[in-house]
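Notes follow the structure.
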Amino acid sequence: DLKVLGTLYDLYMHVRAQKDEWREVNFGELLPRKVEEEKEDEKGPGAATHKKDEYVTVKLDEMDNKIVEFSSQKFKVNKKLIDTPEYTNLSQEIEELKNLVEAFRGLTDMNFEDYHYKDLGEQLKVPPLENVRADGGNFKLKLLFDAKVGDELERIDDVKSLAKTQKKVRDTLGEIDNEWKSRVFKFEEHKTIKDIVLLDALETQQIKDQLE
């Protein structure tokens, strides 16, 4: 029984050690990086290939994989221990790490602008978040651990959704702007007022449809 309990304890301490290690990681290491040249992961043949100019999140992917590993190991623990306080504590530690990593991924969303990070920094009470776009996220993850951002997933998702919508609007307006720069608009004379021209009715409807 002591040997079985020891296996559970070892896994618990491994999870705690991983948490301590991640606390010292710089937030900037989690941000998406553009691949400069096509290459395979360093895991041998059959590994994922990253294409040139693709954005990757290597450190976050490593964290995700570690969470999967911990969860898998937890389910291999002797069934006699499932109802023990020690197993409950282990499950809570893994779940907390899982939520934290999910929050980290949310906080590195590529649609975020300065004002989104400013909003998040204020809401989560992590001031260094406000400067991510300026300094590349030059602060330790322990600030996010201590702020318990894993409990703020809904708040982070709300800002992500807003940023995504705003990005879509910006992109659409940019496409319209580029189109209009070279587009020839058709006008017609006003039917009753001299020297007044109006945009053709069909053109007007097309513009309205674009803006809507």
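The values are calculated or read from the model by the stated rules, or taken from the named source; none is laboratory data. Here the structure is a predicted model, which means the values were calculated and not measured. Please note: Cβ atoms are built from the backbone with ideal geometry, for glycine as well, and neighbour counts cover all protein chains shown. Keep in mind that these areas ignore ligands, DNA and RNA; they rest on the heavy atoms of the full protein, side chains included. Shrake-Rupley method; radii C 1.70, N 1.55, O 1.52, S 1.80 Å.
The table below lists the values:
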read-out	value
By accessible area with a 1.4 Å probe, ligands and nucleic acids excluded, highest first: order of Lys194, Lys164	Lys194, Lys164
Note, ³J(HN,Hα) from phi for segment 114-122, Karplus 6.51, -1.76, 1.60, rounded to Hz, x at Gly and Pro	3, 5, 5, 5, 5, 4, 5, x, 6
Per-residue ³J(HN,Hα) for segment 79-94, Karplus 6.51 cos²θ - 1.76 cosθ + 1.60, θ = phi - 60°, Hz, x for Gly and Pro	4, 5, 9, 4, 8, 8, x, 5, 5, 4, 4, 4, 4, 5, 5, 5
Residue-by-residue Karplus 3J(HN,Hα) for segment 15-32, coefficients 6.51, -1.76, 1.60, Hz, glycine and proline x	5, 5, 5, 5, 4, 4, 5, 5, 4, 8, 6, 7, 4, x, 5, 8, 5, x
Charge sum, other residues only, whose C-beta stays under 13 Å from Lys164's C-beta, Lys/Arg counted +1 and Asp/Glu -1	-1
Amide proton proximity set for Phe139, modelled H, under 5 Å, gap of 5+	Phe27, Gly28
Carbon/sulfur fraction of accessible area - segment 121-178, other protein chains in place, 1.4 Å, %	47 percent
